[in-house]
Amino acid sequence: MKKLNIDLIIIGGGPAGMAAATQANDNGLEKVLIIERDCELGGILQQCIHDGFGLISFKERLTGGQYAQRYINQVEAKGIQVKLNTMVLEITSDKKVYAVNEEDGLLEISAKAIILAMGCRERTRAQVFINGARPAGVFTAGAVQRYINMEGFLPGKKAVILGSGDIGLIMARRMTLEGIKVEGVYEIMKTEGGLTRNIEQCLNDYGIVLNLSTTITKIHGNKRVEGVTVSQVDASMKPIEGTDRYIECDMVVLSVGLIPENELSKNVGIELDSLTKGPIVDENMMTSIPGVFAAGNVVAVFDLVDYVSQTGVIAAKGAMKYINGTLDLTNTYISVNSGENVSVLIPQKIRKSNLDNKQDFFLRVREENEKMKLETEWSDKLVQAGKFSMVKPPEMIHITLGEKELAQFTDEDICFHMRKES
Amino acid sequence: MEKISYTCIVCPKSCKGELIVKDNNEFETSGYICKRGIEYAINEYRSPKRMLTTTVKMLNGTFSNLPVVSDNEVDKDKLFACLNYLYSTKLEAPIKEGDIIVANILNTGVNIIAARDMKIKS
Ligand SMILES: Cc1cc2nc3c(=O)[nH]c(=O)nc-3n(C[C@H](O)[C@H](O)[C@H](O)COP(=O)(O)OP(=O)(O)OC[C@H]3O[C@@H](n4cnc5c(N)ncnc54)[C@H](O)[C@@H]3O)c2cc1C
Ligand code: SF4
């Protein structure tokens, strides 16, 4: 078995991994290695040919590929080491990484620090319960995206989309432009899952109907999908009798959400958050194993790639401090909790001694509402951290607390609330 | 006076706003947080435009398709004509991101550019 020694190993060459690698390089770290299982860098961005990426970082509306290319060019220009077509199989708590590829065979790489940047994957049919046989023609939206945009073939002629997540909406438009008839989008919830702008430009622009409180109850066909039965559902999401309808189609496209890719994290015993489904991270994006950091969609599903890149930068800075021995690893953590109308919240804990002059927080609300204020609460204090004209669950909220606010924190746990402005 | 609702698609905030076209043909808007939304609403009223993103066949690239994007917005009613034109195009690697694939496509004044690098298949 081939053995290597590296300062910082980054697992995954998507936007999170590339941002982390370039940041570590900028900070003067020489032995940085990106390990990527695919044949190129870029991650999921390479199949996202639509525009809308990079509004925050570059103030432009880039396509996924254009956004990725900017980072790939930097990685190449800085001469950062990359191993493509290489799959990480295991990581250990003493920071050894086991990976495999055709050229080297099995590799054992010892690292001073590791950044997990494996991204997320799509929920599949096994995670949403649908009756019927198991015919060909049931795809996740991401798989259809890869077939059409990268491999250049059309997987069917007439599609029904289940779920109104953003990838499904974007694929409704893409399939329509490619000549696949999209019969409709069916969403079991009473509100849409994706962003309003995607309902507007991907469905309304092409006259595709979004059916809320409706789901697929049966998939028909033996070898290949021949059709589906859809039904409206009541408040408890049970199909309402008499509302069922048969629709002929040869494709069922699932857009039922993303979950962080955490097989490696689970196996090494990294503590996961039940809400984000990713590792619990601290102010430097460090996981429960010292020296193992996480960035991007492996931590939580961030909807903006700009945020993904930002977390890569934070993790790389943290990893640098860890390697240089300047990160405090002993003080107790203050826990950061979700309060009123807050679901996902990152980071979940902070060490006051490690805070810089600013700290980023990312969160999602549980319910849509107008004219809201974000409050941080600890011991007997309540401080306003931001104002929002509108908050919606599909839209992640990013706030940065500055030196003045951070200095007020005591050793008590902190709680974030999203409340109505009085 | 005419009052029309448009949802801005420029950023994820997706502001739901209204455009008021006054009798003297001046515009008034409400509900858009920033000026990109105001511009969007006026454009939607005058002549809706969209970015064009699609893929073009590659003859010898590492992937069989190259993603391309318009360098500016295209009139919405010309989108399908532009797409059909691009579907009949075939490209040879190597290509650099930003290379012009079709200049001034169908006289729209908009260029279609490569949205990533594409190397020759080895
Ligand atoms: C199908 C799909 C479509 C999406 N579409 C959009 C969109 O339109 N707009 C948007 O803003 N966001 C979209 N997202 C979210 C998107 O994932 C993020 O915006 C962003 O690309 C996440 O970056 P990342 O670096 O965290 O992960 P990724 O881009 O997923 O990169 C992770 C990388 O890690 C590699 N990897 C994973 N496990 C291993 C391993 N064991 N060994 C080696 N390498 C490994 C993967 O091959 C991959 O290249 C989509 C996600 C999915 C799954
Ligand atoms: S008006 Fe401005 S803030 Fe609102 S959706 Fe449009 S671009 Fe975004």
Any trypsin sites (Lys or Arg not before Pro) in region A:210-243 that lie in a DSSP loop and have at most 16 other Cβ atoms within 10 Å would be A:Lys223
Based on the alpha-carbon gyration tensor of chain A and its eigenvalue square roots a ≥ b ≥ c, which shape applies: rounded if a/c is under 1.5, prolate if not and a/b is larger than b/c, or oblate?
oblate
³J(HN,Hα) computed for each position of region A:97-110 - Karplus, 6.51 cos²θ - 1.76 cosθ + 1.60, integer Hz, glycine/proline x:
10, 9, 9, 9, 8, 5, 6, 8, x, 7, 10, 10, 10, 8
List the GluC sites (Glu not before Pro) in region A:226-272 that DSSP assigns to loop (not H, G, I, E or B) and whose Cβ has at most 10 other Cβ atoms within 10 Å. Which are they?
A:Glu241
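What 222 nm value per residue comes from the helices of chain B, counting each DSSP H run with n ≥ 4 as -39,500 (n - 2.57) and dividing by all residues, nearest 500 deg cm²/dmol?
-5000 deg cm²/dmol
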As a test, work out the antiparallel percent of DSSP beta bridges whose residues both lie in chain A, rounded to the nearest 5.
60 percent
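Using only the heavy atoms of the protein chains and a 1.4 Å probe, how would A:Tyr322, B:Tyr40 rank by accessible area, largest first? Don't skip to the answer; put the middle values down first.
On the way: A:Tyr322 50, B:Tyr40 25 Å².
Correct descending sequence by accessible area is A:Tyr322, B:Tyr40.
Let me have the relative contact order for chain A, percent, based on Cα pairs under 8 Å that are six or more residues apart.
Numbers: 1009 pairs, mean separation 62.0, N = 422.
About 15 percent, as a whole number.
Please list, by residue number, every one of the GluC sites (Glu not before Pro) in region A:1-92 that is coil in DSSP and has at most 16 other beta-carbon atoms within 10 Å. Intermediate results must be reported in sequence, preceding the final value.
Details: sites: A:Glu30, A:Glu36, A:Glu40, A:Glu60, A:Glu76, A:Glu90; in loops: A:Glu30, A:Glu36, A:Glu40, A:Glu60.
Qualifying residues, ordered by number: A:Glu30, A:Glu60.
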Under 13 Å between alpha carbons, and skipping anything fewer than 8 positions from B:Lys76 in its own chain: which aspartates and glutamates qualify?
A:Asp205, B:Glu44
GNM on chain A, Cα springs under 10 Å; top mean-square fluctuation among A:Ala21, A:Ala159, A:Ala133 goes to A:Ala133
Tell me the label-point distance for the pair B:Asp23, A:Ala77, using the 7 Å Cα-to-Cβ offset, in nm and rounded to one decimal.
5.8 nm
With every protein chain present, what is the per residue accessible area of chain A (1.4 Å probe, Å²)?
42 Å²
For region A:234-250, in order, what is each residue's ³J(HN,Hα) by Karplus, 6.51 cos²θ - 1.76 cosθ + 1.60 with θ = phi - 60°, in whole Hz (x at glycine and Pro)?
8, 4, 9, 6, 8, x, 8, 4, x, 9, 6, 8, 9, 10, 7, 6, 10
Could you name the aspartates and glutamates in cross-link range of A:Lys371, using Cα to Cα under 13 Å and dropping any fewer than eight places away on the same chain?
A:Glu421
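Hey, which of these cross-link pairs are over 23 Å Cα-Cα: A:Lys112/B:Lys119; A:Lys157/A:Lys218; A:Lys317/A:Lys349; A:Lys352/B:Lys13? Don't jump to the answer; show the numbers that get you there.
Details: A:Lys112/B:Lys119 34 Å; A:Lys157/A:Lys218 19 Å; A:Lys317/A:Lys349 17 Å; A:Lys352/B:Lys13 33 Å.
Checking Cα-Cα distances, A:Lys112/B:Lys119; A:Lys352/B:Lys13 exceed 23 Å.
If you take every DSSP beta bridge fully contained in region A:124-256, what fraction is antiparallel? Give it as a percent rounded to 5.
Numbers: 11 of 28 bridges.
Roughly 40 percent of the beta bridges in region A:124-256 run antiparallel, per DSSP.
How many Å² of accessible surface get buried when A and B come together, counting both sides, probe radius 1.4 Å, rounded to the nearest 100? Intermediate results must be reported in sequence, preceding the final value.
Details: alone 19030 and 7970 Å², together 24130 Å².
Chains A and B together bury approximately 2900 Å².
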Taking H placed 1.01 Å from N in the peptide plane, check which residues at least 5 places from A:Ser164 or on another chain put their amide H under 5 Å from its amide H.
A:Gly193
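Are there DSSP H segments in chain A that both extend 27 Å or more along their axis (alpha-carbon positions) and score a mean Kyte-Doolittle hydropathy of at least 0.0? List them, or say none. Display every interim value, and only then the final one.
On the way: long enough: A:305-324 (29 Å, 0.28).
Answer set is A:305-324.
The values are calculated or read from the model by the stated rules, or taken from the named source; none is laboratory data. As the structure is a computational prediction, the values presented were derived from the model and not from experiment. Please note: Cβ atoms are built from the backbone with ideal geometry, for glycine as well, and neighbour counts cover all protein chains shown. In case anyone asks, the SASA skips ligands and DNA or RNA and just uses the protein heavy atoms, side chains included. Shrake-Rupley method; radii C 1.70, N 1.55, O 1.52, S 1.80 Å.
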